Every structure is written in C-alpha cells, then in structure tokens.
Amino acid sequence: MRTWLVAFMVMLVACCVRGDVLFMTWNMKWFPSGRADLRSGDDEESATLTQAARIVAGAVADQTRRSSADIVMFAQEMRDAECCSNLVSAAGVKGLNVAAVSCFQDNSGVPLWQQVAIFTTLPVLRSGYAVWSNAEVSIPRGFAYALLDAGPNARIACFSIHLKSNFARDNTEFENQKNIHKREAAAAQILAVVRQLGEKYEDKKLQVVVGGDFNTNDDDLEYVSEATIRSFYGAHFRSCFRDLKKSQKITHPGTNGFPDATFDYILYRGFERIVSRKIYQGAPVSDHNLVTLRLR
C-alpha cells in the first residue's frame, strides 16, 4: 500500500511540475504571401505555408529530441488569425495552439498585414493584444501578450513584438532618431506592464519573456546611442545571445548591400539557465531566421 501511494504521489508531482520551456521567435515576412499587402496565388501561399510548417516542426523536433519541453512561439508579420491557425495546424506539433493574435489597423480601420502572435502548448490564463500608446509620436503596431500557467505558483508572461523598422523616407539623422525614439518608447511600455504584473503576482513566481523583431542591435555601432535593448538589461532581463560572437547570432542575413544583422531576440527573466539555443535558416519563407531558446 505504501509503495503504491509513493508511486502515485511521484506521478502526481510529475504531472503538476513542468520542466523546460522552448521559446521560438520568427519574423515571417508578410506571411503567407511574402509581399507587402498583396496576396499571392493559392498554390504559392500553400507552398509557403508548407515550407514554414516544416521549418517550425523541424526546429521543435530538433530541440526536443532528447527530452520533451513546453513550447512558446512568437510570430511576426502574420496576415491574420486564420493564417496563424493554418500554420499551427500544418506544423502538427502536439498540443500547440494559438494563444494570441493582434488585429492592428491603419488610420482608416483596415486591418494591417503585419500582425504579431503567440502560439503555445501551455495553458493560457489571459491573452490579447494592445497598440503602442505614446503622445509624442505615432508608433506602428503594438504587442501580443499571454499569461501562461507554468505549474503550481508559476506564471510566464509572454510578449510578442515587432518594433519600428529603420526605414526613413528622408534618410536624415532626424528621421533615424525618431525611429530610435519609437523603439525606446515601445520598450518602456512593455517594461511598465511587466512592473504591473510583478506587483499583481508578487506571491507567485513570475517569469517574463519578450520575443520578436526589435529592429535594433545591442552591440552594433550603428545603434550605440539607442537604449531599447539595454533598457531590458537594466530591468534584469538576459538575452538569448549572451556570450555569443557576432558571427554566431545572425538573424537577418544581409542582402542588397545591407550587412548581416541581429534584429530578432528572445529576452528573458526569472529562469535558472539556458539549456540550448540555435538559429534555423528561415529561407525561403522569410528574410529572417528562426531563433530558438530552451530555458529551465
């Protein structure tokens, strides 16, 4: 009787306590058409969906080959919620569901084709999206968020983001500084939400992960004046790329005269350590690579 009871208790604890979490982020380039606000033919979009699903499923299989892990994926430049559902279905990853998809709109109320999303195998407690709020300057898009149940007294707050690009019509220093300001203001808003969550869940273990396309680099001289990513470090976040050389963290391969760049990050707080991390080639689906980070 005692042996049976001990075995039952061990099984119960194993069911309640979760292990590693595999985080992934991928800017999927106007998915699934690959074109700015233009649809491709059904066959072409279906082929892109299949390719993307194969890359996602392959990365998950590779990172969970030795042992299982819960999964959280951040996606950017998704057309809409239907495309997100189609991707999750095609990937065929057991238990993976859509947790949150944004519905950002232009000034006339038409949904944009650069939505952000979160997919996960973890139970979702709360989820949604928000647009950036800033009285000084208009910031495009916003963020998707999900509060996940990670076991007894444990919560993971997740944010999928796509910050302002470096595009400037006039290509002047003033326009460049405006882009920097927009990214810094967006980062400040995420950190404000994180502080609020910390106060609300102070009696529980709150872990926080921010993933997406930051459109800036924390160790490139071009962005030496920018505090976007450093502001997260100041709030005790760590980078998935800590201690790696530049050549080991290319997430946006250079093309058309532009150099290789590291724009896609997974920033985390509250985890013990990095178990594994790897970048997977995103082509031919996207000009960005898929970034994975397994945390414990």
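Every number here is computed from the coordinates shown, using simple stated rules; none is lab data. Fair warning: this is a prediction, and the values are worked out from it, not measured in the lab. Ideal geometry is used to build each Cβ from the backbone, glycine not excepted, and the neighbour counts take in all protein chains shown.
Between Lys29, Lys278, Lys204, the GNM of the chain built on Cα springs shorter than 10 angstrom shows Lys204 fluctuating the most.
Listed cross-link partners Lys200/Lys249; Lys182/Lys278; Lys200/Lys278 are compared with a 32 Å cut-off, the Cα-Cα value being larger for Lys200/Lys249; Lys200/Lys278. Annotation for Arg169 and Phe258: the two label points, set 7 Å from Cα along the Cα-Cβ direction, are 1.9 nm apart.
Run the reach check for Lys178 against aspartates and glutamates, Cα to Cα strictly under 14 Å, same-chain hits fewer than 8 apart removed. What comes back? Straight-line reach from Lys178, under 14 Å: Glu136, Asp170, Glu226.
Between Cys103 and Ala81, the modelled label-to-label distance comes to 0.6 nm, taking each label 7 Å out from Cα in the direction of the beta carbon. Candidate cross-link partners of Lys204 among the aspartates and glutamates, defined by an alpha-carbon separation under 12 Å and a same-chain spacing of 8 or more, comprise Asp149. Potential lengthening of the chain between Ser225 and Arg296 amounts to 22.3 nm, from the contour at 0.36 nm per residue minus the alpha-carbon distance. In terms of its alpha-carbon gyration tensor, region 234-293 comes out prolate; a/c meets the 1.5 threshold, and the first ratio a/b outweighs b/c. Decide, for region 16-295, between rounded, prolate and oblate: order the square roots of the alpha carbon gyration tensor eigenvalues as a ≥ b ≥ c, take rounded if a/c falls under 1.5, and otherwise choose prolate if a/b is larger than b/c, else oblate. Rounded.
Taking packing as the residue-averaged number of other Cβ atoms within 10 angstrom, the listed peptides 72-83, 92-103 run from highest to lowest as 72-83, 92-103.
A simple spin-label model places pseudo-atoms 7 Å from Cα toward Cβ; at Ser89 and Tyr201 they are separated by 3.1 nm. Most tightly packed first, judged by the mean number of other beta-carbon atoms within 10 Å of their residues, the peptides 280-291, 222-233 read 280-291, 222-233.
Here the sum of -39500 (n - 2.57) over DSSP H runs of 4 or more residues, divided by the residues of the chain, equals -9500 deg cm²/dmol at 222 nm, to the nearest 500. Here Lys29 is the anchor, and the lysines within straight C-alpha reach of less than 18 Å, apart from those fewer than 8 places off in the same chain, are Lys164. Restricting the calculation to alpha carbons of region 178-287 gives Rg and Dmax of 15.2, 51 angstrom. Taking 0.36 nm per residue of sequence separation and removing the Cα-Cα distance, the Tyr280/Lys246 pair yields an extension gain of 10.7 nm. Neighbours of Ile250 by Cβ distance under 13 Å: Lys/Arg scored +1, Asp/Glu scored -1, total -1.
Against the chain, whose longest principal axis is taken from its Cα atoms, helix 173-200 shows a tilt of about 20°. Using only Cα coordinates, the Kirkwood hydrodynamic radius of region 11-147 works out to 16.1 Å.
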